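The values are calculated or read from the model by the stated rules, or taken from the named source; none is laboratory data. Since the structure is predicted, the reported quantities are computational estimates derived from the model, not experimental observations. Cβ placement follows ideal geometry from the backbone for every residue including glycine, while neighbour counts extend to all protein chains displayed. The protein model used for the area step is the full one, side chains on, heavy atoms only, and it has no ligands, DNA or RNA in it. Shrake-Rupley method; radii C 1.70, N 1.55, O 1.52, S 1.80 Å.
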Amino acid sequence: MTTAPLKYSKSKKVGEGTYAVVYLGTQISSNRKIAIKEIKTGMFKDGLDMSAIREVKYLQELKHPNVIELVDVFSATNNLNLVLEFLPCDLEVLIKDTSVVFKSADIKSWLLMTLRGIHHCHRNFILHRDLKPNNLLLAPDGQLKIADFGLARSLGNANEDLTSNVVTRWYRAPELLFGAKHYTPAVDMWSVGIIFAELMLRTPYLPGKDDVDQLDVTFRALGTPTEQIWPNVSMLPQYNALRVYPPPSRQELRNRFSAATEKSLDLLISMTQLDPSRRCDLTQALLHEFFLESPRPTEPEDLPKKKEKRVKEEDDEMNKRFKV
Amino acid sequence: MDRNGKVKTEAEQDPQPVKKQQVSNDDLYRRSTQYEMWSYTAESFEETRRKANESGRKAATEKFNEVFESIRQKSPEPFEKFKEELNPEKLLDLLTYEEETKYLHYYSRSIIQTCNHFKMPTQVRATAVSFFKKFYLVQSVSEYHPKNILYTCVFLAAKSENYFISIESFVKALVKVLTKDILDLEFIVLQSLKFTLMVHHPFRPLYGFFLDSQAVLLHPSPLMYDVNIDTLGSLYDKSKKWLNDYALLSDVAFLFTPPQIALAAMYDIDKRITDRYLKKVFLKEQKLEVIDEEPKESGFIKKEEPEEAEGVEPKEDKKDPQREQYETLVKTIRRCIRIAKQIPETTKEESKNIDKKCFFTLNPTRLIEKRVTKLSSPSPEIKQEAA
Ligand SMILES: Nc1ncnc2c1ncn2[C@@H]1O[C@H](COP(=O)(O)OP(=O)(O)O)[C@@H](O)[C@H]1O
């Protein structure tokens with residue numbers, strides 16, 4: 001795993017996160033396009049950044065067609081470099097691009113790939129904890145890859161409390177909004193359900209303005225949980241002074257998701273159960289009849305792509321050719 | 001095998017006519033970095049450790065020679081005068097493989113004390129020990145003193161297991177350690193770990209076996225007249241302690257899988273219950289009564305039996321595969337127990353000596369200057385002081 005930086009060439013900077021700079025590059029031996037995430041070390045008060053540690057820790061273990069591949073890790077001048085497969089687009093970009101039409105078979109295909117990737121994480125006792133369209137990256141061949149494991153963690157060390165302040169707000173499960181300290185893989189399932197809804201709506205499903213508003217938005221859409229539908233919910237730390245909304249009727253959901261089939265509504269409802277113990281798990285979701293009814297999920301290579309990006313990519317190709 | 005050891009289908013209900021592959025939990029473990037990069041046979045493990053010691057000694061010798069030359073050039077007189085005493089062969093006293101091994105075991109114990117001092121959870125403690133041992137599979141105490149490496153491993157393990165502690169509060173609780181000492185080493189430790197941080201411990205599978213043994217031995221009706229939920233609970237608690245006492249400090253994590261180690265703990269705590277459980281799981285197709293009456297069986301699990309005798313089994317060709325699987329597993333478990341209990345003991349005296357050697361190996365200047373001062377000292381009585 002420790003390889004000389006000579007194996008890769010860096011071409012240009014494409015992004016900068018809080019703890020890393022991302023460059024485009026090439027694996028010289030194979031001419032494969034890659035992304036190099038250079039993690040700054042020695043600039044944080046407490047040493048190596050927690051997000052960087054998590055990303056390295058989990059990506060080293062997760063090898064799956066629907067999880068971003070960590071090609072290599074190397075160090076150069078005391079910097080930690082993660083060599084990742086190059087993924088030029090993400091689902092958020094496509095959702096926002098109104099010129100791209102989503103067919104229901106496309107949505108099914110993206111959802112299926114997301115579920116497969118998460119299923120693999122959960123089987124390895126890893127929670128992602130930050131699923132959102134922006135972290136679902138798209139490969140040039142159409143494969144969807146789960147990325148950004150900076151908030152991920154291992155499941156099931158019973159003696160530890162987990163923090164409820166994870167998952168980008170709009171995709172945060174109600175048990176987290178209530179400040180639950182013991183949560184399960186169901187938090188990821190919730191996020192996938194909300195992403196599923198967003199793929200159908202082409203706009204965020206539960207866009208809360210702040211943490212308080214998030215509770216309101218969530219329950220206005222899905223009903224306020226009561227002891228009856230979610231036993232012991234009132235014991236959770238942040239459960240108080242809620243406005244009581246009724247759960248949406250089936251017809252209301254049909255109207256909300258006008259193009260959705262009955263089976264897709266069934267799956268969506270199952271994924272977004274307020275009580276985490278009633279929410280379906282990854283296996284149940286993957287086995288859901290929705291995936292068996294017609295139309296079949298679109299083959300990844302036939303999925304819609306971002307047009308501009310492709311042009312840009314070719315530009316890069318050209319630049320490189322001229323440089324060499 | 002673990003609690004869910006039965007082959008499970010990868011739950012991908014793919015509507016497309018694609019051939020499905022089944023991925024068992026064993027397969028998942030085989031894909032982990034722990035299995036791929038940090039699993040050894042007993043022989044390859046020792047060889048790796050010896051190599052680390054060897055290259056550490058080599059590096060220390062080179063460093064020593066450099067320092068020796070530079071001191072001699074600066075002040076050649078004592079080196080002329082005490083040619084006999086001041087030559088590298090005589091001065092250089094490096095840690096042998098055995099000494100280094102003992103030394104590392106001594107420090108592994110202090111990791112546990114350090115973690116307990118900070119009231120860190122089991123997971124952090126176990127991961128810190130694992131990091132420490134892995135570090136010294138690659139590096140040697142002749143290049144990196146274990147004290148600061150141990151603290152760095154604890155600090156990094158805490159972060160990796162999501163039990164963050166700020167460097168300030170960490171260092172504040174330690175004696176004579178600076179923030180810089182740890183932060184400077186953190187990246188070196190990560191690199192020596194080959195950037196793999198996930199550690200699979202036997203605690204989770206042990207809990208799995210605890211649950212499964214309840215299902216297997218107590219339901220629908222108890223299989224053993226004197227075994228109930230309390231018996232199994234107590235077996236579980238004692239096994240956990242066993243893991244902390246033996247598995248953590250020995251090298252079994254590099255030689256066996258976590259479920260094997262968990263079973264070893266249970267087997268060593270209560271052979272009778274554990275064996276019954278294993279038989280029930282592995283030999284479920286056969287009638288238990290028959291197996292229990294088999295005289296060879298009781299001989300097979302007799303503890304005093306010497307290692308070699310394990311091979312003396314009925315050599316009938318028609319041995320059924322399930323029984324063979326069971327017997328192989330029991331053999332593995334027993335080997336694991338034996339190795340887990342081979343933790344070298346070090347006396348205080350011994351560790352003090354090794355400690356001194358290590359100090360001078362890492363600080364050759366101090367060693368040489370000390371010798372020079374002593375030899376040049378006018379009063380011969382003072383020479384009697386420790387070398
Ligand atoms: N594997 C990749 N392939 C191509 N571009 C990437 C890849 N990973 C990250 N990027 C680009 O780098 C930017 C920064 O990424 P990252 O450091 O993960 O920060 P964040 O997830 O906070 O945006 C991203 O917005 C994206 O444009």
>> Over chain A, what is the relative contact order in percent, taking alpha-carbon pairs closer than 8 angstrom and at least six residues apart?
In response: 16 percent
> Under a 1.4 angstrom probe, counting protein chains only, how are B:85, A:252 ranked by accessible area, largest first?
Replying inline: A:252, B:85
> What's the local net charge at residue B:254, with K and R +1, D and E -1, over the other residues with C-beta under 9 Å away?
Replying inline: +1
>> At 1.4 Å probe radius, can you tell me the per residue accessible area of the protein assembly as shown in Å²?
In response: 48 Å²
> What accessible area, summed over both chains, is buried at the A-B interface (1.4 Å probe, Å², nearest 100)?
Replying inline: 3900 Å²
> Can you pull the percent of the stretch A:89-301's accessible area that's carbon plus sulfur, 1.4 Å probe, other chains left in place?
Replying inline: 53 percent
> Counting only other chains, what is the mean number of Cβ atoms within 10 angstrom of the Cβ of each residue in peptide B:153-162?
Replying inline: 4
> R0 = 30 Å: FRET efficiency of residue A:98 with residue A:287, Cβ-based, nearest 0.05?
Replying inline: 0.35
> Sequence-distant or interchain residues sharing an amide H contact under 5 Å with residue A:80, placed H: which?
Replying inline: A:39, A:41
> How high is the FRET efficiency from residue A:134 to residue B:118, r the C-beta distance, R0 45 Å, rounded to 0.05?
Replying inline: 0.80
>> Testing the spin-label approximation: label points 7 Å from Cα along Cα→Cβ at residue B:85 and residue B:26. State their distance in nm.
In response: 6.5 nm
> Using helices alone, what [θ] at 222 nm do you get for the protein assembly as shown, with -39,500 (n - 2.57) per DSSP H run of 4 or more residues, divided over all residues and rounded to the nearest 500?
Replying inline: -15000 deg cm²/dmol
> How many Cβ atoms of partner chains, on average, are near each residue of A:46-57 if near means within 10 Å of its Cβ?
Replying inline: 6
>> Taking 8 Å as the Cα distance limit and 6 or more residues as the minimum spacing, I'd like the relative contact order of the stretch B:43-192 as a percentage.
In response: 27 percent
> Under a Cβ-Cβ cut-off of 14 Å, what is the net charge of the residues other than residue B:234 that fall near it, where Lys and Arg count +1 and Asp and Glu count -1?
Replying inline: 0
> So how far, in whole Å, is the C-alpha centre of the stretch B:32-75 from the one of the stretch A:40-91?
Replying inline: 29 Å
> Sorted by accessible area (1.4 Å probe), largest first, how do B:377, B:108 line up?
Replying inline: B:377, B:108
> Which net charge results for the neighbourhood of residue A:263, defined as the other residues with beta-carbon distances under 11 angstrom from its beta-carbon, given Lys and Arg at +1 and Asp and Glu at -1?
Replying inline: -3
> Using a 1.4 Å probe, how large is the accessible area of residue B:51, given in Å² and rounded to the nearest 10?
Replying inline: 130 Å²
> Relative to the longest principal axis of chain A, what angle (0 to 90°, nearest 10) does the C-alpha long axis of helix A:50-59 take?
Replying inline: 90 degrees
> Once phi is turned into θ = phi - 60°, what whole-Hz ³J(HN,Hα) does the Karplus curve with 6.51, -1.76 and 1.60 give for every residue of the stretch B:95-109, x standing for Gly and Pro?
Replying inline: 6, 6, 4, 5, 5, 4, 4, 4, 4, 5, 5, 4, 6, 4, 5
> Counting partner chain Cβ atoms within 10 Å of every residue's Cβ in B:189-199, what's the average?
Replying inline: 6
> Per-residue HN-Hα couplings for the stretch B:81-94, Karplus 6.51 cos²θ - 1.76 cosθ + 1.60 at θ = phi - 60°, whole Hz, x for Gly and Pro?
Replying inline: 5, 10, 3, 4, 6, 8, 10, x, 4, 6, 7, 5, 9, 8
> Using a basic spin-label model with each label point 7 Å from the Cα along Cα→Cβ, how many nm lie between residue B:96 and residue A:209?
Replying inline: 7.7 nm
> Karplus couplings for the stretch B:243-250 from phi (6.51 cos²θ - 1.76 cosθ + 1.60, θ = phi - 60°), rounded to Hz, Gly and Pro as x?
Replying inline: 4, 5, 7, 10, 4, 5, 8, 8
> On full extension of the chain, what length is gained from residue A:202 through residue A:278, given 0.36 nm per residue of separation minus the C-alpha to C-alpha distance?
Replying inline: 24.7 nm
> Pairs B:83/B:374; B:63/B:374; B:74/B:374; B:58/B:374; B:51/B:348; B:194/B:241: which exceed 20 Å Cα-Cα?
Replying inline: B:63/B:374; B:58/B:374; B:51/B:348; B:194/B:241
> Lysine pairs, Cα distance under 30 Å, 8 or more residues apart or cross-chain: how many in the stretch A:89-301?
Replying inline: 21
> Of the residues A:48, A:215, A:265, which exhibits the maximal mean-square fluctuation in a Gaussian network model of chain A defined by a 10 Å Cα contact cut-off?
Replying inline: A:48
> What residue among A:264, A:30, A:277 shows peak mean-square fluctuation when chain A is described by a Gaussian network model with Cα springs under 10 Å?
Replying inline: A:30
> Which cross-chain or sequence-distant (5 or more) residues have an amide H under 5 Å from the amide H of residue A:89, H modelled 1.01 Å from N in plane?
Replying inline: A:138
> Lys/Arg Cβ at +1, Asp/Glu Cβ at -1, dipole of the stretch B:48-133 taken about the Cα centre: which of B:107, B:127, B:61 is farthest positive-ward?
Replying inline: B:127
> With each pseudo-label sitting 7 Å past Cα toward Cβ, what's the residue B:219-residue A:78 distance in nm, one decimal?
Replying inline: 5.7 nm
> Just the accessible area for residue A:92, please: 1.4 Å probe, Å², rounded to the nearest 10?
Replying inline: 60 Å²
>> For a quick check: with amide H placed at 1.01 Å from N, whose amide H comes under 5 Å from residue A:8's, ignoring anything fewer than 5 positions away on the same chain?
In response: A:28
